[in-house]
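The values are calculated or read from the model by the stated rules, or taken from the named source; none is laboratory data. Bear in mind the structure is a predicted one, so any value in this text is a computation, not a measurement. Here the Cβ positions follow ideal geometry from the backbone for every residue, glycine too, while neighbour counts run over all protein chains shown.
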Amino acid sequence: MIEHPEHFYDLLSWMLLVSVFAAFTNLVQTTTLDLGKKVGKSLVENGISPTGLQDAITPKWQDRNNIISWVLLAVYLGVCIFVFKWYIGLIVFLLTYFILVPVISLLLKSFSMVSKIEKLIVSSLVKKAETYEAQGDDVRAEAAKKLSIDLNEIASR
């Protein structure tokens, strides 16, 4: 079953790393979607944007995390196939992605990670407003400030 038993603990380490990172990244994505829909409620209700203002409130680091998550998943797939026979490695990968990652996401939710993520999103918007202000882009700075205030109100509920 295991072609390289000496690498089994490496596989478990990869499984833990990939599962936790992907779960966190998915939780941030879900949180920004939920907040984006709440803030852009009129956009969603009028059919203009099904995600509301998700794109506007998503922090830059989340884009980086999405890319890292996909790269980690690709490497993890290779590790699974290397440690196990290819078909068992594929099954282990799929079980990790479709079962372990959602379970860890639920665990992170239960540890009130959503409120911490919401605070990170608000602070990211405040920094974005400061950056726009420093660049002299007053319109975007004001929009980011208003959005951060609205998000702060929604997050505190």
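Just a few scattered comments:
- Within segment 59-75, residues that are of a type in the set (G, A, S) have Cβ atoms under 9 Å from residues that are not in a loop (DSSP other than H, G, I, E, B) in these pairs: S69/V18; S69/F21; S69/A22; S69/F24; S69/T25; S69/N26, counting only partners at least 6 apart in sequence or on another chain.
- Within segment 10-54, the set of residues being part of a helix (DSSP H, G or I), over 20 Å from L73 (Cβ atoms) and free of Cβ contacts under 8 Å to residues at least 12 places away in the same chain comprises D34, K41, S42, L43, V44, E45.
- Any hit, segment 75-84, residues being under 26 Å from I154 (Cβ atoms), of a type outside the set (D, E, K, R), modelled with pLDDT under 95 and not in a helix (DSSP H, G or I): no
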